[in-house]
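Heads up, the thing below is written out as structure tokens.
The values are calculated or read from the model by the stated rules, or taken from the named source; none is laboratory data. Keep in mind that what you see is a predicted model, and the values were worked out from it rather than measured. Cβ atoms come from the backbone with ideal geometry, glycine included; neighbour counts cover every protein chain shown. Just so you know, the surface numbers come from the protein's heavy atoms only, side chains and all, with ligands and any DNA or RNA stripped out. Shrake-Rupley method; radii C 1.70, N 1.55, O 1.52, S 1.80 Å.
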Amino acid sequence: MPHRLIRRLMKDTDPASPAARSAVGAFAGWVGIGCNALLVAAKLMVGLMAGSVSVVADAFNNLSDMLGSLVTLVGFKLAARRADPEHPFGHGRYEYIAALSVAVFIVVVGVELGRDSIARLLNPEPVSFSTGGLLLLFVSALLKVALGLFYRGLAQKYSAPSLRASSADSFNDVIATGAVLVGAILSRFAGVNIDGWLGLAVGAFIVWSGIGLVRDALSPLLGESPDPELVRRMVDTIKSHEEIISMHDLIIHDYGPERRFASAHVEISGALSAQEAHGVIDAIEREVLRQEGVHLLLHLDPVSTDAELGKVRARIQQGVKSVDERLSVHDVHIELSDCVTYYFDVTVPPECTLPADELKEKIRRAVETASPEPVKTVIHIDRFYTTF
Ligand SMILES: [Zn+2]
Ligand SMILES: [Zn+2]
Ligand SMILES: [Zn+2]
């Protein structure tokens, strides 16, 4: 049923298209907000009437889900705002900041509920559930099951990880509500009061999921490793141009979806004129923008076609590789004044933990002994921002 509804809501029926995916995301978000609003109202009513902290805690658990969906939808709108003079990179990171604020709020709510529950454990108060209240709790657990199945169906059809996470979250909520319901039934029919303990458990559950959300929101703000698939496609595109001999120092900055900027160095034959070389990199930059939506800036490293220099490059390469197979060399140039000096960059992968000074010293010795004439070396170590 939802698939047909979504198809009617949008013209685009290709499940892989970005338009279809964002329409599905928005639809799922609004359904989640509607269901959770109902659950919050029902549980707050039951919880306050019965004097039960665990049911109130469960209501706040659903409220946190509702806020999460709301933030995704509103964040999406804010993030789409155009760049202005103060924010030339646009507002894409609003989405992450909005998510972070809600996540922090959820943690605080969880801690508060835990505190209330501990107070209730120290000063137990009787809880009294009406049959209607128990019934309402049971129906709300069923509603969450339905919501979880709804998310799972969409997640499978559109292979959306965020919807799969929502589905898993819904089924966890069913367990929480189920436990609260069992507690309510015990108090009603067996006179056993475990309300405080259940409230504490639900509070802990809320804190735990809030911490997960904080982590998810923080990671892109700090700057994540770019998606390896994106990196591979960009490298393939750049290298598909036959004028490009090799590339290095690729860095991708993410200011939010569709707000990505990148820079990279490309080696091009020094025999090309500046005019021709510029034409090549300009074409690549435009191609990457069109294909990936990434604003790429290329730096040009001209490579000498001189045969003698070619031999020196090979020798340096050999010396560096003898220190560590995973190292690679670029930007080699040679100065022939009173003393021969080799200038070159070495890219170091993150697995290579040797301190830069020690590494430089090893490379210097390897290259200088491999050279038939006395040379000086000036080595620059490049940090590995992007693996490819
Ligand atoms: Zn370079
Ligand atoms: Zn240009
Ligand atoms: Zn470099």
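Excluding ligands, DNA and RNA, the accessible surface per residue across segment 290-356 is 56 Å² with a 1.4 Å probe.
Taking a ≥ b ≥ c as the square roots of the eigenvalues of the alpha-carbon gyration tensor, segment 101-168 is classed oblate because a/c is 1.5 or more while a/b is no larger than b/c.
Here the relative contact order of segment 225-300, from alpha carbon pairs under 8 Å that lie six or more residues apart, stands at 32 percent. Put TYR94, TYR342 in order of accessible area, highest first, and with a 1.4 Å probe you get TYR94, TYR342.
Taking VAL312, VAL53, VAL74 as the candidate residues, the one with maximal mean-square fluctuation in a Gaussian network model of the chain, Cα springs under 10 Å, is VAL312.
Which percent of the accessible area of the chain is formed by carbon and sulfur heavy atoms (probe 1.4 angstrom)?
62
Work through the residues other than ASN193 whose Cβ is under 14 Å from its Cβ and net out their charges, Lys, Arg +1 and Asp, Glu -1. Around ASN193, the surrounding residues sum to 0. Loop-located GluC sites (Glu not before Pro) across segment 302-356 with a Cβ neighbour count of 10 or fewer within 10 Å are GLU325, GLU351, with loop assigned by DSSP. Out of all DSSP beta bridges in the chain, what portion is antiparallel? Express it as a percent rounded to 5. Just about 45 percent of them are antiparallel. Ligands, DNA and RNA excluded, the heavy atoms of LEU181 present near 20 Å² of accessible surface to a 1.4 Å solvent probe. Rounded, prolate or oblate: which one fits segment 304-388, using the alpha carbon gyration tensor with axes a ≥ b ≥ c (rounded when a/c is under 1.5, else prolate when a/b beats b/c, else oblate)? Prolate is the answer for segment 304-388, as a/c is 1.5 or above and a/b outweighs b/c. Computed over the chain, the per-residue total of -39500 (n - 2.57) for DSSP H runs of n ≥ 4 gives a 222 nm mean residue ellipticity of -22000 deg cm²/dmol, rounded to 500. For the pair LEU221 and GLN318, what calculated FRET efficiency results from E = 1/(1 + (r/R0)^6), where r is the Cβ-Cβ distance and R0 = 45 Å, to the nearest 0.05? The value I calculate is 0.60.
Considering all C-alpha pairs of the chain, those separated by over 30 Å amount to 58%.
Taking the centroid of alpha carbons for each part, segment 211-260 and segment 121-162 are 39 Å apart. Taking every alpha-carbon pair under 8 Å whose residues sit at least 6 apart, the chain reaches a relative contact order of 13 percent. With every protein chain in place and a 1.4 angstrom probe, the accessible-area ranking of PHE138, PHE27, PHE171, largest first, reads PHE138, PHE171, PHE27.
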